[in-house]
1. Provide a single number: the residues in the range 359-369 that are open to solvent by less than 30 Å² (accessible area, probe 1.4 Å), touching a residue at least 60 places away in the same chain (Cβ under 8 Å) and in a helix (DSSP H, G or I).
2. Here's a check for you: in the range 578-615, which residue that is at pLDDT 75 or above, within 30 Å of Y510 (Cα to Cα) and not in a loop (DSSP other than H, G, I, E, B) is most open to solvent (accessible area, probe 1.4 Å)?
3. Quick one: is V558 at pLDDT 85 or above and under 30 Å from I328 (Cα atoms)?
4. All but one of (1) open to solvent by less than 10 Å² (accessible area, probe 1.4 Å); (2) closer than 15 Å to I126 by Cα hold for G291; state the number of the condition that does not hold.
5. Please verify whether the range 507-522 includes one or more residues that are free of Cβ contacts under 8 Å to residues at least 40 places away in the same chain, open to solvent by 10 Å² or more (accessible area, probe 1.4 Å), over 23 Å from V559 (Cβ atoms) and not in a helix (DSSP H, G or I).
6. Please tell me if I307 is in a helix (DSSP H, G or I), modelled with pLDDT of 85 or more and out of contact with any Asp or Glu (no Cβ under 8 Å at 6 or more places or on another chain).
7. All but one of (1) over 22 Å from I372 (Cβ atoms); (2) open to solvent by 10 Å² or more (accessible area, probe 1.4 Å) hold for L273; which doesn't?
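The values are calculated or read from the model by the stated rules, or taken from the named source; none is laboratory data. Note that this is a predicted model, so its numbers are computed, not measured. Positions of Cβ are generated from backbone atoms using ideal geometry, with glycine treated the same way; all protein chains shown enter the neighbour counts. Remember, those area values only see protein heavy atoms, side chains included, never the ligands or the DNA or RNA. Shrake-Rupley method; radii C 1.70, N 1.55, O 1.52, S 1.80 Å.
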Amino acid sequence: MSLEQIYRMSSSQHQSKLTAAGLLVTLGIIYGDIGTSPLYVMKAIVGTKLITDDLIIGGVSCVFWTLTLLTTIKYVTLVLKADNKGEGGIFSLFALVRKSKIKWLFIPAIIGGSALLADGLITPSISVSSAVEGLRYFNPDIPTVPIVIGILFLLFFIQQFGTSYIGKFFGPLMLIWFSMLGILGVNMMVTNWDIFKALNPYYAYNLLVNYEYGFVLLGAVFLCTTGAEALYTDLGHCGRKNIRASWIFVKVCLVLNYFGQGAWLLNRSGSTLDGQNPFFSIMPAWFLFIGIIIATIAAIVASQALISASFTLVNEAVRLDFGPKLKIVFPSEIRGQIYVPTVNWVLCFGCIGVVLFFKESSGMEHAYGLSIILAMMMDTLLFSFFLYLKRSYFILIAVFFLVFFGIEGSFLLANLHKLVHGGWVTLLVTSFLLINMYGWTKARKIRSRLVEFIKLSDYLKILTELSNDTSIPKYATHLVYMSSATTRDEIESKIIYSILQKQPKRADIYWFIHVDVMDEPYTMAYRVNEIINDKVIQINFKLGFRIEPRINILFRQVVEDLVAKKEVDISSRYYSLSKNNVIGDFRFIVIEKYISNENVFSFYQRMVLGCYSFLKLFALNEGKAFGLDTSLVTIEKVPLVLNPVGKIDLKRLD
């Protein structure tokens, strides 16, 4: 299968029509995080407080209406409409709205992206810990931390081999999981029909307004919808129709389980949890061990979904120039299957650190929620701009923004108390990622101002003469430069300097390649401008922001097309090789630009460029970043000068 076929392999098989296979895949990919929330939500709401009817009915009512308003109405009904050629997620949404040319819109995009990546440290940790802690029903003294760390390490270790085969089992496993949630919920809620009062939003209002710590409880309630953003992020994998149809089943199962836990708690009104987890407590004794195994598997699926989403987010951030170019591996030919080693192991040791720091899932609950609320709020902001660009009625835009930004703002305020109890962990990670993304973006703009472009037409005559000058040793038959010039008649001055002055580079054909990152996710196209016949050729690749720029492969395919159409002759120009139809050699020149010490910068500029320099330590060099074969690449470093030091008062001594 060719590279183009791999990338163009559309997910329309899941998007265009509703199928049983599509629904099963959707269950396995999307609902891991939100689907495992019953493991800890009710336990977090009750905590060490005395169980009362108002607390339980009000808490379950808050959960029901949060799932309805934020997940069902906001994401499933509304935000899923903002698809970018079938793809979703905050960076896809940003790619849609940045056409408005509003410069600051990248800020909510990188805030949301940073928050989602920070969430990657908590979701695997809390999901696996909550499931494994169920073993304490058999042995209260069992050490769960080593088991959790072992599962997490194994999960991250297998990422390098790809998850395409494991993924085939995710759908059926999650079908079993959600069916179990629904059955257990029904089995228990029939023991106390009062729990159905939770359908009335009055009880949620009553809890928040009249209960002593009612508003603060929103911090625990929010945990029920932390996976809602994943519905949008994974839109491209499953399609809108399958997500909307499967959500009906998922929500019913989740609500039934929450109501079942609520009924169990109502039956114990006047007491405390005393370390019990309502989720495991509603299981029949004979089923408990099986339930723990299923819960652990579901937690692993939830973790896998988050890890895969992190890889996708980082890949998109790199392609949108929000971060340094990292090594990206494609373990299989399935579109969307990528592996980012740096991100994988940072997440791995980060998750292990979280487990060692908090030790218990109850501690992780205090760190969970803050970052994902920020991501949701940024979704709300960007989607409002999307509606504006679609020329929707202003009153509708205002209602959407005020309602959902207000709800999410309330959740954020309610979660602020978590800062001193562990919430600072994810906020610190979010801030670190945000500062680096912002610094990289601003530094890139500073560097762009340093690049000088000149008219290519002014140098065509000398390039032709150089190519024909036999007094200069031939550098290569085909000399290929990676260029950042976006127009046909421009070229970087540094490229001309490299060809003519740094070392005169005689070649039979000069190729200039430029890569445009498009707002569409999977665009793959190119345009050829033959400026001088068989002497100077420009190629402009237009690649979607989810396409890895494997220039080595893409360029070869373009050249093969040009040869097939007899538009270019790539045979060697050496007599002995030419008569035997030997293809000429290709040499790539990649110019890496660095900030010269001759510049004088302000304090802000020095800080931004310092951040950029730090991130460059983890980045691939330009040759590897473009997917070029290193044996054919020469890296040339050139200084960039924007604010040169003025004339120095230097005196000559006799």
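1. Residues that pass the stated criteria total 4.
2. So, considering only residues that are at pLDDT 75 or above, within 30 Å of Y510 (Cα to Cα) and not in a loop (DSSP other than H, G, I, E, B), the one most open to solvent (accessible area, probe 1.4 Å) is I583.
3. yes
4. Going through (1) open to solvent by less than 10 Å² (accessible area, probe 1.4 Å); (2) closer than 15 Å to I126 by Cα one by one, G291 breaks only (2).
5. no
6. Working: in a helix (DSSP H, G or I): yes; modelled with pLDDT of 85 or more: no; out of contact with any Asp or Glu (no Cβ under 8 Å at 6 or more places or on another chain): yes.
The answer is no for I307.
7. Condition not satisfied by L273: (2).
Residue by residue, here is whether (1) over 25 Å from the mean Cα position of the chain (by Cα); (2) closer than 30 Å to R546 by Cβ; (3) of a type in the set (F, W, Y) holds:
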position	(1), (2), (3)
Y205	yes, no, yes
A230	no, yes, no
C253	yes, no, no
F289	yes, no, yes
